[in-house]
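**Student:** My questions will all concern the structure given below.
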Amino acid sequence: IASFAAAGVAAFVLGAPNGYPLANGNYSFHSHLIAEAVFSFLTAYVVLITSDTQGARLHFHESKNRWYQYSLASGFALMAGTVAVGDVSGAALNPAAGTGLPLVAGVARDVPIYWMGPMLGALLAAAAFSIAQVKSRKSVDLPFYRHVGINYDI
């Protein structure tokens with residue numbers, strides 16, 4: 001109930017938004033695509049790093065009660081992308097939000113941007129994460145893997 005009330009107050013104070021991401025016509029298709037890809041990369045990379053279960057297990061004793069920090073990092077990455085490129089590309093940063101909401105509103109012109117940009121960003125984030133993990137980790141000895149007979153070398 002509180003979130004609906006807050007949304008109503010925000011809509012009243014700020015003016016009712018259009019309800020879906022909309023790319024600014026003053027920028028080119030490539031500008032929209034780059035904006036979506038860069039901040040989709042940032043968001044996906046932060047999510048990958050903060051949800052890395054092996055890293056979390058290795059440092060669990062140090063950060064036992066600090067899991068909220070990982071969520072905050074992901075949220076701030078998404079917020080930074082929204083604030084930075086919201087006026088350029090609409091900052092959907094997610095194919096679901098960039099497809100469903102515009103199609104319901106009957107505006108399909110920007111849907112390809114909201115598919116290609118986030119997919120490119122996510123692909124680059126996965127590649128960067130994989131490269132960083134291979135270079136930064138050595139063999140890890142976790143009791144669970146020893147128990148089931150798995151040699152877990154990275």
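Yes/no matrix, rows are residues, columns are (1) at pLDDT below 75; (2) on the phi > 0 side of the Ramachandran plot; (3) surrounded by 12 or more Cβ atoms within 10 Å (Cβ to Cβ):
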| residue | (1), (2), (3) |
| --- | --- |
| Ala97 | no, no, yes |
| Pro102 | no, no, yes |
| Lys135 | yes, no, no |
| Val148 | yes, no, no |
| Tyr152 | yes, no, yes |
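**Student:** May I pose another question? Would you mind finding the one in Leu120, Leu42, Leu93, Leu48 that is open to solvent by less than 30 Å² (accessible area, probe 1.4 Å) and at pLDDT 85 or above?
**Tutor:** On the way: Leu120 fails: open to solvent by less than 30 Å² (accessible area, probe 1.4 Å); Leu42 fails: open to solvent by less than 30 Å² (accessible area, probe 1.4 Å); Leu48 fails: open to solvent by less than 30 Å² (accessible area, probe 1.4 Å).
Result of the check over Leu120, Leu42, Leu93, Leu48: Leu93.
**Student:** Something else about it: Does Ile131 count as at pLDDT 80 or above and open to solvent by 90 Å² or more (accessible area, probe 1.4 Å)? Let's see the steps before the verdict.
**Tutor:** On the way: at pLDDT 80 or above: yes; open to solvent by 90 Å² or more (accessible area, probe 1.4 Å): yes.
Answer is yes for this residue.
The values are calculated or read from the model by the stated rules, or taken from the named source; none is laboratory data. As the structure is a computational prediction, the values presented were derived from the model and not from experiment. Virtual Cβ from ideal backbone geometry, glycine too; neighbours counted across all protein chains shown. Accessible surface areas use protein heavy atoms only, side chains included; no ligands, DNA or RNA. Shrake-Rupley method; radii C 1.70, N 1.55, O 1.52, S 1.80 Å.
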